[in-house]
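**Student:** For reference, the structure I am asking about is given below.
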2 protein chains.
Amino acid sequence: MSKPAFLPHDHNHQRCIDAALAEARAICQRKHSRLTPQREQVLRLIWQEHRPIGAYELLDKLREEGLKAAPPTVYRALEFLQENGLIHRIESLNAYTGCSHPSEPHASQFLVCQQCQRVAELGSEQIAEQLSEQARRAGFASAHQTVEIRGTCAECLRHFHV
Amino acid sequence: MSKPAFLPHDHNHQRCIDAALAEARAICQRKHSRLTPQREQVLRLIWQEHRPIGAYELLDKLREEGLKAAPPTVYRALEFLQENGLIHRIESLNAYTGCSHPSEPHASQFLVCQQCQRVAELGSEQIAEQLSEQARRAGFASAHQTVEIRGTCAECLRHFHV
DNA sequence: AAATAATCGAAACATTATAACATTTCTTTC
DNA sequence: GAAAGAAATGTTATAATGTTTCGATTATTT
């Protein structure tokens, strides 16, 4: 995978959304996973935000779009999207964000900006390896890593002199 | 700091508890932080478990010990203990665990066993450094790292052949 | 002792997540 | 294309986690 990237605040985000949805459709078709209209709608709503979005925020947006949805509706969609690698859950925020390169399995470490709330994936296999290795030295067999770094992104550093 | 350690399942845990409480009292005295009876009680209850414990579990235990406690009682104590580096919050479990070496500030990565629910601290400055460095290359200023590895500890690997 | 700050009590409320079970829709098989 | 089975969705209720607010109490300082 490529380098981590916080896109400029003013980039054309519609392109991100369109690309993400197209990629998701392709992936699900390949895997015979059923990206139903509802699931795609949730994925689109997630991508429409620039920042991780909570389950109940999603629920509100679904309702704004006319769907008669209850919490399980959202959580089921989120579960499907996670299982298919299309979104990530940010544990430290209880929120969900679109995966920026869902086509290949990858290590995922997250940079979470405290100013603008945006998230970027680091995706360093090296770090993932090293974590697994250090764990192994303690006799521990790693199954899944949660790596989230809070801080300030480059753009916010410039703007706010934090 | 020293090597990460899952102690044997059958170690004398009372010693861990006593040592942790003694160290906590010393630290708080040094810092003029007020380790009140309630706060110490919460810390003890956390150490009495071998695994991370949730806020509401703690609440139940406080009540079992005769305290008339409400959620804020617990959360305030947890906040104090965290601020003073005496406990850690495990984000992926929404639960709290005693810090195994509170006297010195340290990097903290956690190994979380899915079988026995116990947690060990990795404490690798090297990994912490590397994460900060990778973030910095993306122009990102790190403030806090959450690193949690789910998997199976050595003892559970032997016992359960997972 | 009075003033100030820190801690605690209590009630209400807010947020996040799941359980249980009925119904509908899609897919497969005949 | 009809029946059977599997997957997805609807619905209601509830569990689990976390916060706000405000008043009372206790500790510390002056």
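**Student:** Please determine, by comparing only the residues of region B:48-69 that are without any contact (Cβ under 8 Å) to a residue 12 or more places away in the chain and basic (Lys, Arg), which one is surrounded by the most Cβ atoms within 10 Å (Cβ to Cβ).
**Tutor:** Residue satisfying both the conditions and the ranking: B:63.
**Student:** Follow-up question, since we're still on this one. Report whether or not residue B:107 is small (Gly, Ala, Ser), modelled with pLDDT of 95 or more and touching a helix residue (DSSP H, G or I) at 6+ places or on another chain (Cβ under 9 Å). Can you show your working first?
**Tutor:** Details: small (Gly, Ala, Ser): yes; modelled with pLDDT of 95 or more: no; touching a helix residue (DSSP H, G or I) at 6+ places or on another chain (Cβ under 9 Å): yes.
Answer is no for this residue.
**Student:** Continuing with the same structure: For region A:84-111, give me the residue count where each residue is within 16 Å of DNA strand D (Cβ to nearest atom) and without any contact (Cβ under 8 Å) to a residue 40 or more places away in the chain.
**Tutor:** Here the count works out to 1.
**Student:** Could you list, in sequence order, the residues of region A:121-143 that are under 16 Å from residue B:121 (Cα atoms), at the interface with chain B (Cβ under 7 Å from one of its Cβ atoms) and not polar (S, T, N, Q)?
**Tutor:** Kept after step one, since they are under 16 Å from residue B:121 (Cα atoms), are these residues of region A:121-143: A:130-142.
After this cut, where a residue has to be at the interface with chain B (Cβ under 7 Å from one of its Cβ atoms) as well, the list is A:130-131, A:134-135, A:138-142.
Within region A:121-143, A:131, A:135, A:138, A:139, A:140, A:141 qualify.
**Student:** If you don't mind, another one. Looking at B:7, B:43, which one is surrounded by 14 or more Cβ atoms within 10 Å (Cβ to Cβ), within 14 Å of chain A (Cβ to nearest Cβ) and under 30 Å from residue B:155 (Cα atoms)?
**Tutor:** On the way: B:43 fails: within 14 Å of chain A (Cβ to nearest Cβ).
Just a single option satisfies the conditions, and that option is B:7.
**Student:** If you don't mind, there's one more thing I want to ask. Determine whether region B:79-95 contains at least one residue that is within 16 Å of DNA strand C (Cβ to nearest atom), within 14 Å of chain A (Cβ to nearest Cβ), loosely packed, with under 15 Cβ neighbours inside 10 Å and assigned to a loop (DSSP other than H, G, I, E, B).
**Tutor:** Scanning region B:79-95, I find at least one residue that is within 16 Å of DNA strand C (Cβ to nearest atom), within 14 Å of chain A (Cβ to nearest Cβ), loosely packed, with under 15 Cβ neighbours inside 10 Å and assigned to a loop (DSSP other than H, G, I, E, B), so the answer is yes.
**Student:** Which residues, counting only those in region B:121-150, are farther than 19 Å from residue A:153 by Cβ and among the β-branched types (Val, Ile, Thr)?
**Tutor:** The answer is B:127, B:147, B:149.
Rundown of residues vs (1) closer than 27 Å to residue A:128 by Cα; (2) in contact (Cβ under 8 Å) with a residue 60 or more places away in the chain, yes/no style:
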{"position": "A:7", "(1), (2)": "yes, no"}
{"position": "A:10", "(1), (2)": "no, no"}
{"position": "A:13", "(1), (2)": "no, no"}
{"position": "A:18", "(1), (2)": "no, no"}
{"position": "A:22", "(1), (2)": "no, no"}
{"position": "A:27", "(1), (2)": "yes, yes"}
{"position": "A:32", "(1), (2)": "no, no"}
{"position": "A:35", "(1), (2)": "no, no"}
{"position": "A:40", "(1), (2)": "no, no"}
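**Student:** Now a separate question. Would you check if residue B:69 is within 16 Å of DNA strand C (Cβ to nearest atom) and either more than 10 Å from chain A (Cβ to nearest Cβ) or within 17 Å of residue A:144 (Cβ to Cβ) (or both)? Even if it seems obvious, please write down each step before you answer.
**Tutor:** On the way: within 16 Å of DNA strand C (Cβ to nearest atom): yes; either more than 10 Å from chain A (Cβ to nearest Cβ) or within 17 Å of residue A:144 (Cβ to Cβ) (or both): yes.
Against the criterion (within 16 Å of DNA strand C (Cβ to nearest atom) and either more than 10 Å from chain A (Cβ to nearest Cβ) or within 17 Å of residue A:144 (Cβ to Cβ) (or both)), residue B:69 qualifies.
The values are calculated or read from the model by the stated rules, or taken from the named source; none is laboratory data. Everything numeric here is computed off the predicted structure, so don't read it as measured data. Reconstructed Cβ throughout: ideal geometry from the backbone, glycine too, with neighbour counts over all protein chains shown.
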